[in-house]
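First up is the structure itself, then whatever we jot down about it.
Each value in this text was obtained by applying a stated rule to the coordinates, not by laboratory testing. Quantities reported herein were computed from a predicted structural model and do not represent experimental measurements. In this analysis, Cβ positions are derived from the backbone assuming ideal geometry, glycine residues included, and neighbour counts consider all displayed protein chains.
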Amino acid sequence: MCKVVIFDLDNTLHYNPNSNCDQTLNDHIKDIIVHFKNSNIKVTLASLNSSAPFYLKRYDIFDLFDKVYCKNWTFYGAHKSDFFESICKDFDVSYSDLLLFDDNIEHCEEAKSLGMKTIQVDSVKLLQWDDINNGMSLF
């Protein structure tokens with residue numbers, strides 16, 4: 001059973017702010033997060049964008065997350081395994097209880113190597129309900 005969902009931010013929930021795209025957050029993202037919350041599944045964010053809290057507050061979804069993990073990748077590296085380890089400790093779950101949605105194939109592969117379930121999100125479409133259904137079908 002899925003106990004914790006982990007979302008990436010840039011090119012998963014919203015377009016990277018450096019990408020010259022007018023659109024930022026898809027309208028259904030808040031509904032997706034609320035869906036998980038209503039299902040008693042913890043919702044987290046793991047982003048290599050240290051400005052992640054700013055964007056989540058701007059979109060008025062920051063308070064929907066149980067925990068937000070972010071760091072500046074240029075200083076701390078482009079891996080997320082430290083986030084995944086912290087999530088397991090913070091929520092007292094195992095890697096097999098986690099589901100990651102991320103546009104970056106390397107992050108998905110890193111998560112899979114730990115025994116996590118992952119869905120690679122299309123960075124053009126951003127997170128869609130089909131991604132959610134596909135992810136939940138892994139459990």
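How many percent of DSSP beta bridges within region 4-136 run antiparallel, rounded to 5?
5 percent
Quick check on the chain: helices-only [θ] at 222 nm, where DSSP H runs of length 4 and up contribute -39,500 (n - 2.57) each and the sum goes over total residues. Nearest 500, please.
-9500 deg cm²/dmol
Please report the relative contact order for the chain, taking Cα pairs under 8 Å with a sequence separation of at least 6, and give it as a percent rounded to a whole number.
29 percent
Given a Förster radius of 30 Å and the C-beta distance between D63 and E85 as r, what FRET efficiency does 1/(1 + (r/R0)^6) yield to the nearest 0.05? Kindly include the intermediate steps, with their values, before the conclusion.
On the way: r = 25 Å, r/R0 = 0.83.
Once the sixth-power term is evaluated, E becomes 0.75.
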